[in-house]
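Just so it is clear, none of the values below were taken in a lab; they were calculated from the coordinates. Only a predicted model underlies this, so the values are computations on that prediction, with no experimental measurement involved. Virtual Cβ from ideal backbone geometry, glycine too; neighbours counted across all protein chains shown.
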Amino acid sequence: MSRLRVGVVGVGALGQHHARVYAELPDAELVGVTDLDAARAAEIAGQHGGRAFESAEALAEAVDAVSVAVPTVDHHRLAQPLLRAGKHVLLEKPMTVSLAEADDLIAAAAASGAVLQVGHVERFNPAMDVVRAVARAPRFIEVHRLGSFSPRSLDIDVVLDLMIHDLDILLALDGSPTVQVDAVGVPVLTSKVDIANARLRFESGLIANVTASRVSAERVRKFRVFAERLYVSADFAARETQVYRLVPGASGRPEIAMDRTSAPDEEPLRRQLAAFVAAVRERATPVVTGADGRRALALAHEIVGKMAGA
């Protein structure tokens, strides 16, 4: 099978890396990119190959699949005509602004047969592989996702910007619905919430305490899981995990055994885009579906509503 012809809509802070990775993947051909800043599009095309297109519509005519990495407010407007035309789309998170927009994109993909994958990149973090493999029936999860202030993604609050990564992971680990949501959030440097905490209770009995901040002095990406006779500490920034298990000791008394894994050179974005290309080429269900993206978005909206007192 020939290489998949791909393009990137939006080559800012994140989209530029989509272009870089596509140019490196053996099963993909980076045909081109487009951006509202024509000079930026030309710069990225010059670095990674392909050409700079004047619009998403022009790019779509030359490719089979597209990454959409623009501000969230533009996700639906740009992705919907691509999906209706049968173009396969990897749409950055959060999927859309509203659930109605998400539903429309899911319907458009289903009608045309296009693959729609949502860019929850932490699903492809090597540390997440370990969490998924060992964290059976978790009872309590503690999450801290903290970062310093950046002028990007200020069209959305910190729940949709950062916390939604961990909401997606929680939903992937525990398929039951939430039965209680408590949340608090504070705008610090912007008019939107910049630091937030949510306490979630799932129907399964799992309780998760999730904190996200984009006004912290240090960068932290910690995901800690507690289960019966098991503790897992995952560092998504370092791409490593520590797994502690209570096991029978030689003397017959319980002992703590620790395993550590580390894969700092495995780039999650590369794994994500390779999985997207494979799903398109094999006509397979993507790892993170439109329905998955919608579930994370719905929970994020519920948390935002609780912060607003709804």
- Query: Helix 164-173 versus the longest principal axis of the chain: what is the Cα-based angle in degrees, 0 to 90, to the nearest 10?
  - Reply: 60 degrees
- Residue with peak Gaussian network fluctuation, the chain [Cα springs, cutoff 10 Å], from F236, F53, F149: F149
- Query: Each label point is 7 Å from the Cα along the Cα-to-Cβ direction; what then is the distance between the points at I256 and V179, in nm?
  - Reply: 3.1 nm
- Item | Packing-based exposure ordering (other Cβ within 10 Å, fewest first) of D129, D35, D155 | D155, D129, D35
- May I ask you to order 219-225, 252-258 by the average number of other C-beta atoms within 10 Å around their residues, highest value first? 219-225, 252-258
- Share of alpha-carbon pairs per 5 Å distance bin for region 4-119, given as whole %: 2, 14, 25, 26, 19, 10, 4, 0
- Message: Placing +1 on the Cβ of each Lys and Arg and -1 on the Cβ of each Asp and Glu in the chain, which of A278, S148, N209 has its Cα farthest towards the positive end of the resulting dipole?
- Response: N209
- Note on the structure: With Cα coordinates, the longest principal axis of the chain makes an angle with the long axis of helix 99-112, in degrees rounded to 10, of 60 degrees
- Using alpha carbon centers only, region 168-189 is separated from region 44-90 by a whole-angstrom value of 31 Å
- For V304, V11, what's the fewest-to-most ordering of other Cβ within 10 Å of each Cβ? V304, V11
- Message: Using the Cα atoms of the chain, I'd like the radius of gyration and the largest Cα-Cα distance, Dmax, both in angstrom.
- Response: 20.1, 72
